[in-house]
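To start, the structure itself, in C-alpha cells.
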C-alpha cells in the first residue's frame, strides 16, 4: 500500500480546489397532460415550532423527529409555479420580491434560468395577498415586475385588504401589510391589469379557481386539468410538511381563521388523495410538487422524482 | 364577469408560447462539514417489478402503491457524487458513459454545469465495476474521460473482473462485461492510474473505503467525515427505494450473492440510521442524498431539502 499513502500525502500538499458554494438553478419542470408546469424557487425559509397551533410541543417534537429535522427550525421553501399552456404563460404567486426591504428573492432569476422573461407573463393568479405571495409583483422601484400581466385575486381577498376601514382597525404594525397590498394593486390598476373574481370561475380554459378560505379571508386554490392529468395549486393550505401532513388538524399562527383553515385543509387533501391529483404547495420543500395518500389520521407526502421532462404524446 | 370571459377568449386566439421541454441542470450541492459534495445526475432509468427477488408480486404491488408509483415501472436515477475537499476533487462512480452504445449519459454535462471540468478530477473511487458505475471512465473514442485522475477499485472487485479464467467461465453474453472492465482498466493502467486497495483503507484523509460485499464480489462503500458530519456513499446497496427501504430483505436480480447483499444492506442501514449519517445512493431518486430512520421491519427515507449551500463555519 506504499503507493497509496504516498499519493495521499502528495495530494495533501499540492492540491487546491476552491469550493464553489453555489446551488443549481431553482427551477423544476414537468408536464401535466399537454401543459408545462415549472416550479420556481423564490427563497428558502425556516419555521420555528412556535408557529404551529392546536398541538403540543411534545407532539411537534415527535413529528419533527420522524421527519428527520435535526435543527431547531424546520426548513421550508417559498415556491411559485409557472403554467405554460402553449398559448399563455400564467404565474401562480410571485414570492417575496425585493421591494420590501431585506428579503432576497430569487424568483425572477430562476424564471430567467428556466428560459422565460418576466415581460412574457400574461397573467398572475394569486392564492392570497400575504407578502411572500404578492411581493414579487413590484420591483425595487415600485414598478410592475410583470408589465404585460393581468393580475387576478379573489374578490373576498381583494375587498378585505383594500378596505380602508379594515386597515384602520388593525394594530399599527399590521398597517404596513395593508399599505403594501394597496400599493401593489394600484400599480396594476393604473393599467387596468388588476382583476377580481368569484371562486368557482374558470379563469382560463381548464384552469379553475376554487375557494379555500381560512388561512386568509379569500384564500384561493387553482386546479389545472389537461388530458387525464390534474394538478391542484394549494398555496398556503400547508406550511410545515413534517407536522401538518400526518396531523392536518395542526394549524399555524398565520391562519386568520384557524378552524376554517383546518377544515379546508382536511377536505381538500382528502379529495387530492382520493382523486390521485398532483399537488403543488407554496411552502413545501422545493419543487413542492407531489402526490399524497391518506394514512392514519393524516396524509403521506410523495414528492415527484427529478428526471427528464416527458413531452409529446 | 364579462371582462374575464373576454380576456380568456382573446388569449385563446392570440397567444403562442412554445413549451420549453428542458429540465434544470442535474446537479445538487451540499456541504458536509467543510467538504463540498455535489450529486451529479447521469441518467434516469426505471425498474420493472421482476428485478426484485425474495419477495412476492403482491407485496411489491402493496409497497409500490404506498410509494405512489402509478406506472408499471419504478422511476430511479443513476447518480455519481463529486467530493471537493478544498484540496482534491474526488468522483465516486462515473455513470454509464457514452462509450458502450446507445446509452445517453449526462454526467460530464452536469459536471460542467456544476462548475467543474473532467480534467480537474484527481481521483475516481468506484463502488464496483458494473457498467453504470465504470462506463463513464472512457469517452466514445475509448480514451480516458478523466485524464488526470487515478482510479481506485477494491482488490476483490478488480481481481474478479480482470481474471481471464472468470471471463472464460461465464455465458457468452456476459463476456462483454468482462471485456469492458478490461478495456477500461487497461486505458488507465497505461498511465499507471489504476489502483487497487483493501477495504478498511483510508484512501484520502477522512475518506475511508469499507467492504460492502454481496451486490458484487468486491462492492465497496465510502465514508467521508468532516467536522461533526459524515456521509456514507452506499453505491448499489439499494436499487428500489419503494420496496427495499421498508423491506430491506428484498434483493435484486443484479445481486451476485443475494443473501450476502441483504445482510450487508440491513447491517449498513441500521448503522446509518443509528448514527444519523447522511447517505448517498447511486440509484435513489436524484440527488439521492438523505438520511434514514428505522421503522417497523425496515427504514424510512428522508431526502435532503433543496436550498442554498451553507458554507463557512
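Here are some notes:
- Residue match in region B:258-267 (condition: touching a helix residue (DSSP H, G or I) at 6+ places or on another chain (Cβ under 8 Å), away from chain A (no Cβ under 13 Å) and free of Cβ contacts under 8 Å to residues at least 60 places away in the same chain): yes
- Hey, residue A:214 over 21 Å from residue A:248 (Cβ atoms) and in a loop (DSSP other than H, G, I, E, B) or not: no
- Residue list for region A:129-153, filter: assigned to a loop (DSSP other than H, G, I, E, B), over 18 Å from residue A:106 (Cα atoms) and in contact (Cβ under 8 Å) with a residue 60 or more places away in the chain: A:129
- Residue match in region B:117-125 (condition: over 24 Å from residue B:221 (Cβ atoms), within 14 Å of chain A (Cβ to nearest Cβ) and at pLDDT below 95): no
- Residue match in region A:284-291 (condition: more than 17 Å from the chain's Cα centre (by Cα) and assigned to a loop (DSSP other than H, G, I, E, B)): no
- Restricting region A:111-125 to residues that are touching a residue at least 24 places away in the same chain (Cβ under 8 Å) and in a loop (DSSP other than H, G, I, E, B), the residue that is nearest to residue A:192 (Cα to Cα) is A:122.
- The lone exception for residue B:308 - which of (1) over 19 Å from residue B:228 (Cβ atoms); (2) surrounded by 14 or more Cβ atoms within 10 Å (Cβ to Cβ); (3) modelled with pLDDT of 95 or more it fails: (3)
Per-residue answers, yes or no, for (1) within 25 Å of residue B:82 (Cβ to Cβ); (2) surrounded by 20 or more Cβ atoms within 10 Å (Cβ to Cβ):
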| residue | (1), (2) |
| --- | --- |
| B:154 | yes, yes |
| B:171 | no, no |
| B:184 | yes, yes |
| B:190 | yes, no |
| B:212 | yes, yes |
| B:218 | yes, yes |
| B:225 | yes, no |
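- Among residues of region B:27-59, those that are part of a strand (DSSP E or B), within 14 Å of another protein chain (Cβ to nearest Cβ) and touching a strand residue (DSSP E or B) at 6+ places or on another chain (Cβ under 7 Å), counted: 18
- Among the residues of region A:293-305, some residue qualifies, meaning at least one is within 12 Å of another protein chain (Cβ to nearest Cβ), within 16 Å of residue A:30 (Cβ to Cβ) and at pLDDT below 95.
- Output for region A:85-113, where each listed residue is buried (at least 21 other Cβ atoms within 10 Å of the Cβ) and within 10 Å of another protein chain (Cβ to nearest Cβ): A:85, A:88, A:89, A:90, A:106, A:110
- Unmet requirement for residue A:280, which otherwise passes all of (1) more than 14 Å from chain B (Cβ to nearest Cβ); (2) assigned to a loop (DSSP other than H, G, I, E, B); (3) under 19 Å from residue B:304 (Cα atoms): (2)
- Selected residue (criterion: modelled with the highest pLDDT) from residues of region A:1-54 that are closer than 28 Å to residue B:287 by Cα and exposed (fewer than 13 other Cβ atoms within 10 Å of the Cβ): A:48
- Residue tally, condition modelled with pLDDT of 95 or more and under 21 Å from the mean Cα position of the chain (by Cα), over region B:140-177: 14
- Any hit, region B:269-276, residues being part of a helix (DSSP H, G or I), within 14 Å of chain A (Cβ to nearest Cβ) and under 30 Å from residue A:18 (Cα atoms): yes
The values are calculated or read from the model by the stated rules, or taken from the named source; none is laboratory data. Computed from a prediction, not measured in an experiment: that's the story for all the values here. With ideal geometry, Cβ positions are generated from the backbone for all residues, glycine too; neighbour counts draw on all protein chains shown.
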